[in-house]
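See structure below.
Every read-out reported here was derived from the displayed coordinates using simple, explicitly stated rules and does not represent laboratory data. Keep in mind that what you see is a predicted model, and the values were worked out from it rather than measured. Neighbour counts are summed over all protein chains in view; Cβ atoms, including those assigned to glycine, are modelled from backbone coordinates with ideal geometry.
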Amino acid sequence: MKKLLSLLLFFIVLNLQLNAQHQKVKHVVLIGCDGLGAYALPDADMPELKKLMLNGAWSLQARSVLPSSSAVNWASMLMGAGPTVTGYTEWDSKTPEIPSAVKGPYNIFPGIFGILKQQKAGERSAVIYNWGGIGYLFERAAVDIIVHNNQSGGDFFADTAAIIIKTQKPTLTFLHLSEPDGVGHNIGHGTEAYYEELKRVDRRIGRVVNAIKEAGIENETIIIVTSDHGGKGKGHGGKSLDEIQIPWIISGVGIKRGHKINDIIITYDTAATIAYILGLKTPQPWRGKAVTDAFK
Ligand SMILES: [Zn+2]
């Protein structure tokens with residue numbers, strides 16, 4: 001009986017500690033690097049990203065949904081479910097080709113920004129995106145700050161995200177970067193030019209990491225870096241692992257350090273993990289699961 005009581009007490013204390021850990025997280029920053037194949041990371045000169053891996057938890061075997069195309073996967077990442085449910089099935093889907101299985105209060109399939117606004121109306125969110133196609137895949141009316149234009153390069157979007165993080169400190173920030181996908185299409189995946197571009201992508205990630213530090217919110221922030229798909233030759237959309245396997249890196253308060261994640265991760269687990277961190281209830285149609293192996 002005594003043993004049972006102390007065991008019970010142990011679990012209660014553990015649970016309190018976990019809750020306390022979660023309460024410390026006030027900000028999530030999601031960086032999506034278009035076309036960053038997991039295959040490239042071992043050879044990539046990306047010190048900022050590798051620092052996040054060293055200080056956080058990571059998988060290089062996370063998977064895109066099929067087809068390994070852009071809008072399909074950004075929709076899945078932000079909407080917590082795959083294309084048969086969300087209805088976004090093409091590389092440039094602006095509206096679902098299959099009617100979404102359900103529509104949320106914002107008149108599209110319910111995504112992470114919608115559930116944040118619904119469940120915690122006072123919390124602010126920001127979306128800064130490089131590729132125009134992103135603009136159709138989240139609930140715009142639920143997002144407080146939206147930045148996009150067709151003229152600027154990746155540095156502008158990284159710098160803008162940095163400024164927003166420092167000045168506005170949103171609860172949820174999503175930064176979409178168009179590279180290295182552009183170089184993958186124009187010159188080729190796995191080429192010297194692709195790896196050169198990765199250095200620039202890494203510097204952009206570094207600017208956001210620095211902004212989190214400069215904002216003084218390092219100890220209450222979790223950062224996730226991932227991608228929509230990899231690539232092969234000058235394209236993607238197919239079924240090879242080079243196209244399907246994406247990096248999934250998470251770092252920050254309450255996250256294991258230097259930990260290779262053993263959980264199977266599919267891109268729609270990203271939305272579910274953010275919901276888990278922010279204490280949001282996930283909608284029934286979601287299929288993603290929180291990547292709990294990443295957490296202490
Ligand atoms: Zn893409």
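Can you list the aspartates and glutamates whose alpha carbon sits under 12 Å from that of Lys103, skipping same-chain ones fewer than 8 residues off?
The reachable aspartates and glutamates, counting only those whose Cα sits under 12 Å from Lys103, are Glu139.
From the P(r) of the stretch 25-294, can you give the percent of Cα pairs sitting at distances over 23 Å?
Result: 46 percent of Cα pairs exceed 23 Å.
In which sequence would Arg207, Arg257 go, from the one with the fewest C-beta neighbours within 10 Å to the one with the most?
Least crowded to most crowded, the residues run Arg257, Arg207.
I need the phi-derived Karplus couplings for the stretch 34-45: 6.51 cos²θ - 1.76 cosθ + 1.60, θ = phi - 60°, integer Hz, Gly and Pro marked x.
So the J values, rounded to whole Hz, are 4, x, 7, x, 4, 4, 7, 4, x, 9, 6, 8.
Going by amide H atoms built from the backbone, whose H comes under 5 Å of the H on Ile246, apart from near neighbours?
Excluding prolines and chain starts, which carry no amide H, the hits are Ala38, Ala62, Arg63, Ser64.
Sorting check: for 190-203, 53-66, which peptide has the highest mean count of neighbouring beta carbons within 10 Å, and how do the rest follow?
Answer by packing, highest mean first, reads 53-66, 190-203.
Report, in whole Å, the centroid distance computed from the Cα atoms of the stretch 79-143 and the stretch 232-277.
19 Å
Too long at a 19 Å Cα-Cα cut-off: which of Lys26/Lys281; Lys117/Lys169; Lys232/Lys289; Lys26/Lys117; Lys120/Lys289?
Checking Cα-Cα distances, Lys232/Lys289; Lys120/Lys289 exceed 19 Å.
On C-alpha positions alone, give me the angle between the axis of helix 192-214 and the longest principal axis of the chain, in degrees, nearest 10.
Taking Cα atoms only, the helix is inclined about 40 degrees.
Quick one: pull the percentage of alpha-carbon pairs in the stretch 116-168 with a separation above 17 Å.
Summing the P(r) tail past 17 Å for the stretch 116-168 gives 40 percent.
So who's got an amide H within less than 5 Å of the one on Ser227, skipping anything under 5 residues away but keeping other chains? H placed 1.01 Å off N, in plane.
Residues meeting the amide H criterion: Cys33.
Which semi-axes, in whole Å and largest first, does the equivalent ellipsoid of the stretch 206-249 have when worked out from the alpha carbon gyration tensor as the square roots of 5 times its eigenvalues?
Its equivalent ellipsoid spans semi-axes of 32, 10, 5 Å.
Just to be sure I understand: if I project the alpha-carbon convex hull of the stretch 132-199 onto a plane and average over all orientations, what area do I get in nm²?
Seen from a random direction, the Cα hull of the stretch 132-199 projects 5.5 nm² on average.
Among Asp242, Asp45, Asp34, which comes first, then next, by fewest other beta-carbon atoms within 10 Å?
Starting with the residue having the fewest Cβ neighbours, the order is Asp45, Asp242, Asp34.
Reported to two decimal places, what Rg/Rh ratio describes the stretch 154-233 when computed on Cα atoms with Rh from the Kirkwood expression?
When Rh is taken as the Kirkwood radius, the ratio is 1.04.
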